[in-house]
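Everything on this sheet refers to the single structure shown next.
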Amino acid sequence: MSTHDQGGSVHEGVAGAPSDIGAPERRSPHRTTPADVAPRPGDPDITPEVVADHGLSTEEYERVLGIMGRTPTWTELGVFSAMWSEHCGYKNSKRLLKTLPTEAPWVIKGPGENAGVIDVGDGYALAFKIESHNHPSAVEPYQGAATGVGGILRDIFTMGARPIAVLDSLRFGDLSSPRVRYLFGGVVKGIGDYGNCVGIPNIGGEVHFDAAYEGNPLVNAMCLGLMKHEDLITGVAEGVGNPIMAVGARTGRDGIHGATFASEELSDDDDDASRPRVQVGDPFTEKLLLEASLELIASGHITGIQDMGAAGLTSSATEMAGRAGNGIEIDTALVPVREEGMTPYEILLSESQERMLVTAEIGKEDEVRKILEKWELEAEVVGRVTDDGMFRVVEEGVTVAEIPNIPLTEGCPTYEREGIEALEVAELRDTNLPVRDTLPDPSLALLDMMRSPNIASRRWIYRQYDTTVRTSTVRRPGGDAGAVRIRGTRRAVAATTDCNGRYVYLDPRNGARAAVAEAARNLVCVGALPTAITNNLNFGNPLKPHIYYQLREAVRGVGEACRAFETPVTGGNVSLFNETDGKAIHPTPVIGMVGVIDDIDYLTGHAFVQEGDAILQLGDNTDEIGASEYLYRFHNGLVAGHPPSVDLLAERALQNATLAMIRTGRIHSAHDCAEGGIAVALVESAIGDGVEPFGVDVQLPDHLPVVPLFFGEAQGRIILSCAEADVEMMLDVASSHGVPARRIGSVAPESAGIRIRGAGAEINVRPGSAADAYFGALPSLMDAAPASAPDDPS
């Protein structure tokens, strides 16, 4: 399925009013009559209950009747249901998405394609995108996560790019819950097994644990792919009369109505009832399909290719025709199936994995088949490109669906709803926070922070992933961002995913800016210039005013930050209705950001590398503790207060200063200050991968209370190290960019311990103890008690 349509003008309209595309007064001249389309024997009657079960409102169904000029068939209703779902049609988000910046000289393909594409130099282009598989992973975590990886890989190689890396952004409830451990373990294994089998390195990501995600885990997968500019291909059905071919795996009954399933709330009873709507993946077939697709693209025998993702054959066929301004005809009797008796409804809406739809050149059908047969896959002609603008489906010569294509791809009703902040959130934001100027034992507090699942090492996760397959990984998981070298050049591309849902919950606009800003800081810390983003907007039910408010304000915040940083949005995904029994997740607009490293000599790690080095701090500490991990950890899960403020101009200056300092060749390490504050960042830099930890001797300014000084999460701060002789030069570079900078201490031998002083208090811990807490937390939590599947009696 294509990336969401972002950028351009905003549809005008009153709150709650749909756009007028495809409205009754603009009926298609191609509208068919009841005699043209025959309902299949045995198809259910179209009743109000059936319409509601398909996710269409009464008003939307009236619009369908206006477009069709008649009652739709069962198959046609299924098509409208899928294409007008939130997952495919973005009806509650498209107007907001059109406000985002999407253009820059380096953007080759923006929103509207399977993935965004940017120029990364030396004739190479990078395709990248992030997608969600939240609802399936809540029901069947292993397959939900695995097929999420499979889907994002296909989005990339359908552009003509070879996947070179994946990342993942995950959210779960409290790990004390057996069910949460079951979900977490299943998702991680699903991601690892699928990516490892296909042979794509996992170079990074993030995971957060919070009670807000107890009923709705979030599983967002991001992929990067590399190609030469001339290898780019798009998903278009060009050339009237050209054959449409289904290639790859056969179609089954798994995943039917997966797009609609992804556009509705869950309930505690959904585990068993929704399992048939969860797709089942085969990574070995995916690997064959990847190689076959790239060979097919290189052959010149096809004019377009698209993954059969959400809404399956329906979305791929209609979107390919829509991009070309053509029509398309599909004969479901010709589609290779793996189960007997499948109806057109099932074939069109199946989301069986590892399938592609291609537009072949007339007369090249056999050549296409030969390439697929070489890779032990099937390719069959299932339709043709037409010039009448219709999406027509026949079954053995009988027309079972005939719908104007434009209302399916461009005419989904879009809404601008009422958005009002929830009073309880405003009250939480203004809460008087606990005492911040006393800390009975700072050293014990630090060790406990290092054990927090939201701070502790993710090594338990990424050790289940192959991080170096294909041998181009130059920055592995465990630092600020991952990076992959572009072979044959001195360049590399870096990527990261970021978002703090607590910040966004308490202040959606500021929290979304913070997500973009942290992603940019992570990239500059490895030496990469932030270049573009893809986003995954995970929210609750937008029909509720306070949820729509969160969505609207978050999109505004993302747009403001991207304009300030010149990082256009090239596409992404929207996942709404992330609620269970009416309780929504924290709003979580995940930012997947990519950057370019011009020379791998500039690659920088987060860990200190040399005893005696000076430690520098860029940016200022502030008296901010709201929405922090400290509050959540030490005050019974408290999420309150004002999140740390974000100064976008200061963040941009910080990015430029950090890159300028790294490019002098004098910086030995760079690390972003994020969750847990400066004390946690210093410890992470000191212990590195745990093999050869260092001590630190740091004196922080005394003008702040001890808690926000050590554990506050003020934005716009980076910790650097360099030789003592280079301190003045580095401070001058920072000053030339208008960035506050100071020397705060030095890297010490391990035996000296980790000493951090400030506000009349001192942290003094052994590096080994800090490393044990940091690296041992997740394994101990996952091994504490057996994880329980939903049907486990425990």
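The values are calculated or read from the model by the stated rules, or taken from the named source; none is laboratory data. The model shown is predicted, which means the values in this text are computed figures rather than measured ones. As a convention, Cβ positions derive from the backbone with ideal geometry for all residues, glycine included, and neighbour counts pool all protein chains shown. Note: areas computed on protein heavy atoms with side chains; ligands, DNA, RNA excluded. Shrake-Rupley method; radii C 1.70, N 1.55, O 1.52, S 1.80 Å.
Here are the numbers for the structure shown:
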| item | result |
| --- | --- |
| Cα Rg over Rh - the stretch 140-224, Kirkwood | 1.01 |
| The chain, helix-only ellipticity at 222 nm - DSSP H runs n ≥ 4, -39,500 (n - 2.57), divided by all residues, nearest 500 | -10000 deg cm²/dmol |
| Antiparallel bridges, percent of DSSP beta bridges restricted to the stretch 536-603 (to nearest 5) | 60 |
| Partner aspartates and glutamates for Lys583 [C-alpha distance under 18 Å; skip if fewer than 8 residues away on the same chain] | Asp174, Asp210, Glu214, Glu264, Glu265, Asp268, Asp269, Asp270, Asp271, Glu421, Glu424 |
| Simple spin-label estimate for Thr438 and Thr489 in nanometres, 7 Å along Cα-Cβ | 5.8 |
| Exposure ranking of Cys499, Cys197 by accessible area [1.4 Å probe, largest first] | Cys197, Cys499 |
| Nearby lysines by direct alpha-carbon distance to Lys364 (threshold 26 angstrom, same-chain neighbours under 8 apart not counted) | Lys228, Lys287, Lys374 |
| Length gained when the stretch Ala723-Glu611 is fully extended (0.36 nm per residue, less Cα-Cα span) | 39.4 nm |
| Contour minus Cα-Cα distance for Lys374 and Asp772 (0.36 nm per residue) | 138.2 nm |
| Förster-model FRET efficiency, 56 Å R0, Asp231 and Asp623, C-beta, rounded to 0.05 | 0.60 |
| Area accessible to solvent at Tyr505, 1.4 Å probe radius, in Å² | 40 |
| Label-point separation in nm, Val381 to Asp53, each point 7 Å along Cα→Cβ | 3.8 |
| From phi via Karplus (6.51, -1.76, 1.60), per-residue ³J(HN,Hα) for the stretch 335-344 in Hz, x at Gly/Pro | 6, x, 10, 10, 10, 6, x, 6, 8, x |
| ³J(HN,Hα), Karplus 6.51/-1.76/1.60, whole Hz, each residue of the stretch 572-588, x for Gly, Pro | x, 8, 10, 10, 10, 6, 7, 9, 10, 6, x, 9, 8, 5, 5, x, 9 |
| Rounded accessible area per residue of the chain, 1.4 Å, Å² | 33 |
| Carbon and sulfur %, accessible surface of the chain computed with the full protein complex present, 1.4 Å | 48 |
| Rounded, prolate or oblate (a/c below 1.5 giving rounded, otherwise prolate when a/b exceeds b/c) for the chain by Cα gyration tensor | prolate |
| Integer Hz, Karplus 6.51/-1.76/1.60 couplings in order for the stretch 125-138, x for Gly and Pro | 10, 10, 9, 7, 6, 10, 9, 10, 9, 6, 4, x, 6, 6 |
| Relative contact order for the chain, counting Cα pairs under 8 Å that sit 6 or more residues apart, in percent | 16 |
| Three-way shape call for the stretch 73-115 based on the alpha-carbon gyration tensor, with the a/c threshold at 1.5 | oblate |
| Potential extension, Asp122-Glu424 segment - 0.36 nm per residue separation minus Cα distance | 103.5 nm |
| Rounded tilt (10° steps) of 442-451 against the dominant C-alpha axis of the chain | 20 |
| Partner aspartates and glutamates for Lys91 [C-alpha distance under 12 Å; skip if fewer than 8 residues away on the same chain] | Asp5, Glu60, Glu410, Glu416 |
| Helix 74-83 axis, angle to the chain major axis (alpha carbon atoms, nearest 10°) | 30 |
| Cα-based helix-to-principal-axis angle, 508-525 vs the chain, degrees rounded to 10 | 70 |
